[in-house]
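The values are calculated or read from the model by the stated rules, or taken from the named source; none is laboratory data. None of these values were measured; they are calculated from a predicted model. Here Cβ is always computed from backbone atoms with ideal geometry, including for glycine, and neighbour counts include all displayed protein chains. Areas reflect the complete protein model, heavy atoms only, side chains present, ligands, DNA and RNA absent. Shrake-Rupley method; radii C 1.70, N 1.55, O 1.52, S 1.80 Å.
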Amino acid sequence: MLRYVVSRILIMIPTVLAVIIIVFALSRMMPGDPVRTILGSNYTEAQYKEMSERMGLDKPYVVQLGNYLYNLVVKHDFGISYTTSRPVLDDLRSRMKVTFLIGTLSCLLTSCIAIPLGIISAVRQNSVMDYGVSFLSILMAALPNFWVALMCIILFCLRLGWLPATAALGGWRGYILPVVCNGTLSIAVTTRQLRSSMLDVVSQDYERTARAKGLSERQTIINHALKNALLPILPVLGTQFSMIIGGSVVIENIFSVPGMGSKLVNSINGRDYNTVLAITILISVFSIVVLLLVDIVSAFIDPRVKAEFASRGKKRRLPRTGEVASGR
Amino acid sequence: MSENEKGVGDGLGVVGLKRHSQIGDVLFRFRKHKVAVAGFFVVVLLAVVAAFAPALARYNPSAIDPVNALQFPSAEHWFGTDLFGRDTFSRILYGGRTSLLVALLGCLVSMVIGGTMGALAGYKGDKVDVALMRIIDIMVSVPGVLLAVCISALLGAGVWQTALAVSVGGIPQNALLLRSTIFGIRSQDYIEAAKTYGSRDLRVIVKHVLPNCMAPLIINVTLSLGANILMISGLSFIGLGVQPPTVEWGAMLNEGQTVIRQFWPMVVFPGMAIAISMLGFNLFGDGLRDALDPKQKH
């Protein structure tokens with residue numbers, strides 16, 4: 001098992017490096033001249049030269065990349081923001097927390113809503129409840145979350161006045177709408193996935209056996225079906241998490257959440273490429289780590305993967321034992 | 001059910017030995033899905049609107065009329081007017097044109113690039129597969145929206161630029177889809193048979209592999225068109241993507257957001273247009289999936 005974890009982490013490192021290199025290349029190709037952005041309109045040739053030397057922009061691309069990677073890995077330094085002239089990481093530290101907090105809450109909300117709904121609609125297949133849930137998830141999958149956010153602002157903030165339209169005002173209540181609106185699409189996707197994986201599991205032989213040996217419906221669902229149905233949902237939730245964090249770029253702008261997403265758009269408009277670079281890298285690395293964790297956790301839960309690695313080096317035995325769904 | 005199928009299913013492009021009966025089966029299964037048929041009509045409606053926007057619109061979408069700015073919906077202006085007195089209904093019709101065009105372009109680009117990668121990986125296997133899948137792994141690890149935002153910022157605003165930005169996010173999905181489909185097909189007996197009687201690689205791919213990939217590809221195109229429309233409007237909404245003077249739903253929402261406190265129509269109607277087209281593509285795609293791939297239930 002340790003071997004699996006270590007090998008997964010080792011595979012992750014080149015991925016992270018490749019992402020950094022690609023994003024770095026992209027950010028250097030973006031239009032506009034950062035030196036000019038800092039100096040404004042009045043500058044002499046000498047000033048320009050000095051500034052670009054100080055920012056390291058006069059060196060060849062590969063050297064810049066090398067310096068950037070060195071600073072990033074060794075000193076955890078993302079460079080200096082072109083607009084605020086402060087280290088990028090200092091600007092981002094509090095914003096990072098906000099974005100990840102909202103993302104985590106959205107993901108929790110998704111699980112809390114999607115899992116029960118998915119179970120109910122699968123267990124009561126073709127009932128009114130099932131159709132209701134399916135209708136809801138189809139609808140939610142079609143509504144763009146930024147539009148839902150705008151509609152919520154009109155309803156809850158402007159008409160009813162229950163919640164503030166700007167996240168920073170009104171303490172925790174300001175974060176209700178960003179969290180909810182960020183999760184709508186994920187709830188729809190996860191519900192549908194869980195419903196279909198649950199339906200797969202319910203028709204398996206071991207389910208019939210469980211019922212035949214006299215277990216109550218509740219017990220067969222909770223003890224036998226749910227365990228196997230939730231396994232394929234874990235990677236779905238992982239992807240949804242990274243989608244939510246990515247989607248926060250749009251939602252944070254609407255509610256003026258002081259997070260990385262709103263900062264990203266401001267930095268793009270202000271041509272502050274070091275910040276753009278830092279935010280993209282942070283979010284990507286974060287989502288890589290989340291996906292890695294999901295993989296490792298599923299490996300620990302899934303007896304098939306576990307068996308495969310436990311038996312390595314020892315005597316071979318057939319991995320398929322007990323109540324493991326074939327998944328199809 | 002075999003009498004009335006002739007010529008009906010031309011657009012589906014499912015090729016098989018018994019051409020009529022296969023398309024007939026698909027159509028039969030599809031028609032049983034009332035919701036999917038509704039989705040199909042929404043998609044057709046969208047296509048018609050996009051094609052005939054100039055004929056359907058009652059006003060020029062960029063005709064400025066400051067006297068009638070910010071009018072609420074009326075018989076004159078069904079969806080009201082915007083900040084500059086332009087007719088929102090006409091602008092939504094033209095916006096559909098932009099959205100559909102950009103979504104299609106993006107879809108094509110990602111299908112060509114991602115599809116080629118996936119096909120190569122699936123067909124060649126071994127080292128090619130490992131190498132290509134590493135690239136896909138890297139692409140997957142950056143959230144699609146983020147990647148689209150960065151590329152959009154890099155390329156600037158515009159139809160082509162946005163199509164490219166949106167397409168990048170779709171590449172991994174296409175690649176993985178085609179790879180797994182081809183993996184499944186590669187080991188089938190009919191491929192073995194074709195190779196045995198001396199077909200070359202290209203012939204095997206064109207004659208035997210590709211036709212059997214059509215079903216998942218068609219489903220994927222439909223579903224990703226919806227996703228692309230969402231992504232495009234999202235980009236335009238935050239000020240990247242397609243920008244004025246080109247009319248686009250997301251950009252309209254962005255303008256509407258500035259007056260959200262006093263004037264709701266500018267925020268409500270463009271969003272509805274996005275939602276309805278997403279709904280159409282999603283339902284149509286789901287129905288197609290059930291019809292084309294009867295093995296997969298639920």
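Over chain A, calculate the relative contact order: mean separation of alpha carbon pairs under 8 Å at least 6 apart, over the residue count, as a percent. Write out the running numbers ahead of the final one.
Working: 345 pairs, mean separation 78.0, N = 328.
Over chain A, the number comes to 24 percent.
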Legend entry - Kirkwood Rh, Cα atoms: Rg over Rh of the protein assembly as shown: 0.98
Inset, instruction - Select from B:L146, B:W249, B:T88 the residue farthest towards the positive end of the dipole of segment B:56-282; place +1 on Cβ of Lys and Arg, -1 on Cβ of Asp and Glu, and compute about the Cα centre. - result: B:L146
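So what is the relative contact order for segment A:94-272, in percent, with contacts set as C-alpha pairs under 8 Å and at least six apart? Don't jump to the answer; show the numbers that get you there.
Values: 213 pairs, mean separation 59.5, N = 179.
Normalised by residue count, the contact order of segment A:94-272 is 33 percent.
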Inset, instruction - Can you spot the aspartates and glutamates whose alpha carbon is less than 12 Å from B:K32's alpha carbon? Ignore those fewer than 8 places along the same chain. - result: B:D290
Legend entry - Simple label model, 7 Å out from Cα along Cβ direction - A:F300 to A:K227, nm: 1.7
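Which of A:K75/B:K127; A:K59/B:K127; A:K59/A:K263 have a Cα-Cα distance over 30 Å? Walk me through the numbers before you get to the answer.
Details: A:K75/B:K127 36 Å; A:K59/B:K127 36 Å; A:K59/A:K263 28 Å.
In this structure, A:K75/B:K127; A:K59/B:K127 lie more than 30 Å apart at Cα.
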Legend entry - Cα-centred dipole magnitude for chain B, charges only on beta-carbon of K, R (+1) and D, E (-1), debye, nearest 20: 760
Legend entry - Förster-model FRET efficiency, 35 Å R0, A:F135 and A:K97, C-beta, rounded to 0.05: 0.40
Legend entry - A:V5/B:D189 FRET efficiency (R0 30 Å; Cβ-Cβ; nearest 0.05): 0.15
Inset, instruction - Quick one: which residues, 5 or more positions from A:I80 or on another chain, have an amide H under 5 Å from its amide H? H modelled 1.01 Å from N in the peptide plane, none for Pro or chain starts. - result: A:V88
Inset, instruction - Would you mind computing, in nm to one decimal, how far apart the modelled labels at A:Y206 and A:R28 are, each placed 7 Å from Cα along Cα→Cβ? - result: 5.3
Legend entry - For chain A, built as a Gaussian network whose Cα springs stay under 10 Å, the top-fluctuating residue of A:G40, A:G32, A:G174: A:G40
Inset, instruction - With no solvent and one equal point scatterer per Cα, compute the Debye intensity ratio I(q)/I(0) for segment A:1-148 at 0.15, 0.17, 0.21 Å⁻¹ and report its log10, rounded to two decimals. - result: -1.00, -1.11, -1.33
Legend entry - Rounded tilt (10° steps) of B:126-141 against the dominant C-alpha axis of chain B: 20
Inset, instruction - Give, as ranges by residue number, the residues of segment B:231-254 whose backbone N falls under 18 Å from the point 7 Å along Cα→Cβ of B:A69. - result: B:244-245, B:252-254
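Counting only protein heavy atoms, what percent of the accessible surface of chain A is carbon or sulfur at a 1.4 Å probe? Mind showing how you got there, number by number?
Numbers: 10390 of 16460 Å².
Roughly 63 percent of what the probe reaches on chain A is carbon or sulfur.
For chain B, what's the relative contact order in percent, using C-alpha pairs closer than 8 Å and at least 6 residues apart?
Working: 441 pairs, mean separation 73.1, N = 298.
It rounds to 25 percent for chain B.
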Inset, instruction - May I ask for the angle, rounded to the nearest 10°, between helix B:34-51 and the longest principal axis of chain B, with both axes built from Cα atoms and the value confined to 0 to 90°? - result: 60
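Chains B and A: how much accessible area gets covered up at their contact, both sides added, probe 1.4 Å, in Å² to the nearest hundred?
Values: alone 15770 and 18170 Å², together 30410 Å².
That pair of chains buries around 3500 Å² in total.
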